[in-house]
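Since the structure comes first, as structure tokens, the remarks are kept for the end.
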Amino acid sequence: MACVYLRQRISVTMAYRLMIAAAFVMLMPYTVPASDELPKESVLPMGLAGKAIQASLDACKKDGYKVSVSVVDRAGVLRAMSRADGAGPHTVDSSRKKAYTAASLRRPTTELAELINKVPTLQALREMNDQVIILGGGLPIEIGGEVVGGIGVGGAPGAQLDDACAQAGLDAIGAAPKIPAGK
């Protein structure tokens, strides 16, 4: 008899604990895991960065220009860089800074240079930091409506030629065109 009483008492105690646990779970506020709050962003793969660089180098070489080409990620950090045989040493920094500027300001550097000439009060853009350079040849890399980086070409004899070589890199990886065709 004591055994039956004890078994019933344990069952009541367990049922009571289960009800309390269920009520606690229902009253507990829903919390979002911290990982759900982290931003999600696309990353330009190294393979595409290399492909864009090679296409830009090839386009410039075909026209007889010895250039350097840099690709940066969305934050302006260098992903890949190449300097053609015979390209000037200054082209390394200019290509990287053009890529940085295009990625960070999300606009072609030729467009920025034209804008500064039209609106002199924007000259301060040049002084934003020591990585910004307002010279043609830098294009943002936009894929799927998202800017994932920038490409910069330095060394061709003119901004429009640097732009054309950079555009060849964008074309090679299926990025959105940033300069009008035939320009």
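The values are calculated or read from the model by the stated rules, or taken from the named source; none is laboratory data. Nothing here was measured: the structure is a model prediction, and the numbers come from that model. Neighbour counts are summed over all protein chains in view; Cβ atoms, including those assigned to glycine, are modelled from backbone coordinates with ideal geometry.
Pick from segment 149-163 the residues that are farther than 19 Å from Gly86 by Cβ and of a type in the set (Gly, Ala, Ser): which of them is nearest to the chain's Cα centre (by Cα)? Even if it seems obvious, please write down each step before you answer.
Residues of segment 149-163 that are farther than 19 Å from Gly86 by Cβ, as a first pass: 149-151, 159-160, 163.
Keeping just the survivors that are of a type in the set (Gly, Ala, Ser) gives 149-150, 159.
Details: Gly149: 4, Gly150: 7, Ala159: 23 Å.
Step by step, filter segment 149-163, then rank; the result is Gly149.
Each row is one residue, and each column tells you yes or no for (1) crowded, with 19+ Cβ neighbours inside 10 Å; (2) closer than 18 Å to Leu78 by Cβ; (3) modelled with pLDDT of 95 or more; (4) not charged (D, E, K, R).
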residue	(1), (2), (3), (4)
Ile116	no, no, no, yes
Glu127	no, no, no, no
Glu142	no, no, yes, no
Gly155	yes, yes, yes, yes
Asp171	no, no, yes, no
Pro180	no, no, no, yes
Taking the stated definitions as given, is Glu146 surrounded by fewer than 22 Cβ atoms within 10 Å (Cβ to Cβ), out of contact with any helix residue (DSSP H, G or I) (no Cβ under 8 Å at 6 or more places or on another chain) and within 25 Å of Ser42 (Cα to Cα)? yes
